[in-house]
Amino acid sequence: MMKFNVLFRPQIFHKYNLVFNKTMFIRSTDKPNAKSITRPNMSQPYTKFFVLDFEATCDNGAHLLKPQEIIEFPCILVKFNMAKGGFEVVSIFHSYVKPIIHTVLTEYCTQLTGVTQDMVSNSPPFDDVFFNFCNWHNDHTNMGKEKSIIVTSGNWDIGNMFIEQCKLFPSTIKIPEFMCTWINIKKLFALTMGEYPLGIKSMLKTTNSKQFGNIHSGIDDCVNIITIMNQLSQRGCVFQATNKIISV
């Protein structure tokens, strides 16, 4: 069990408001893939997978920004095609986000992420972007009736960055249930390949896959995560949830 020392919990019900002064945990599921990692072209437990990779404000060295804020919100919806034995793109959501605390991006941040000041200055704030994202998600899941799940590379995106971002909008953000459970592709990679990866670049290298675009471009990272998912599916990986938010 991995504990994150943050000070709020989302209630796991429809229309969950943020509730502060509580302790929240990120729980790892037990052996989500142990029985099936060697069976190719398995059917998948979810019909749709929302591949997400946030980029956030940052600085180099000792000048760390607190709080960090999401500045790029990309998500690619894919579904598993049994006939082709891989994932195919259904739809794309992509928006830049205007920060409200550190409104001017550092030179280091722009160099790392490729996100420029104009991109964020001319974009909506996070609560508006997240509202649009939730509507897009609902449109593609029949208002949540289809089985779907978020996919990330690591737990930082949901278990850290998303939580911290929501704390900046306590009166306007509602946390939907679909944001409380996700697949950490690094964990499934470790279970399937036998080694825990450092990140997207190392997973691409291990599977002899070509890198698309730039690492730390959120939308490019989403494409690369899908490439890794296809590599794992060819090796019999079943894409089950690895982590979820629980409250105490």
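Every read-out reported here was derived from the displayed coordinates using simple, explicitly stated rules and does not represent laboratory data. Here the structure is a predicted model, which is why all the values come from computation and not from measurement. Here Cβ is always computed from backbone atoms with ideal geometry, including for glycine, and neighbour counts include all displayed protein chains.
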| said: Between Ile100 and Ile246, what is 0.36 nm times their sequence separation minus the Cα-Cα distance? Round to one decimal in nm. | reply: 49.7 nm
| task | Determine which aspartates and glutamates satisfy two conditions relative to Lys66: a Cα distance under 15 Å, and not lying fewer than 8 residues away in the same chain. | result | Glu55, Glu164
| Theoretical FRET efficiency, 1/(1+(r/R0)^6), r = Cβ-Cβ of Ser43 and Asn132, R0 35 Å, to 0.05 | 0.65
| query | What pairs in Lys147/Lys210; Lys84/Lys187; Lys84/Lys167 have C-alpha atoms more than 32 Å from each other? | reply | Lys84/Lys167
| request: Return the long-range amide H neighbours of Val90 (sequence gap of 5 or more, or a different chain), with a cut-off of under 5 Å between placed amide H atoms. | output: Leu77, Val78, Lys79
| note | Expressed in angstrom and rounded, the centroid-to-centroid distance over alpha carbons for segment 106-135 and segment 166-181 is 18 Å
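Among the GluC sites (Glu not before Pro) within segment 132-226, which fall in a DSSP loop and have no more than 16 other Cβ atoms within 10 Å of their own Cβ? Please list the in-between numbers first.
Numbers: sites: Glu146, Glu164, Glu177, Glu195; in loops: Glu146, Glu195.
Within segment 132-226, the qualifying GluC sites (Glu not before Pro) (loop, at most 16 other Cβ atoms within 10 Å) are Glu146, Glu195.
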| request: Report the label-to-label distance for Val90 and Glu177 in nanometres (one decimal), using points 7 Å from each Cα along the Cα→Cβ vector. | output: 1.8 nm
| request: Run the quick spin-label model on Leu64 and Gln111: label points 7 Å from Cα toward the beta carbon, then report their separation in nm to one decimal. | output: 2.0 nm
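What's the local net charge at Glu72, with K and R +1, D and E -1, over the other residues with C-beta under 10 Å away?
Values: positive: none; negative: Asp53, Glu55, Asp221.
Charge balance near Glu72 sits at -3.
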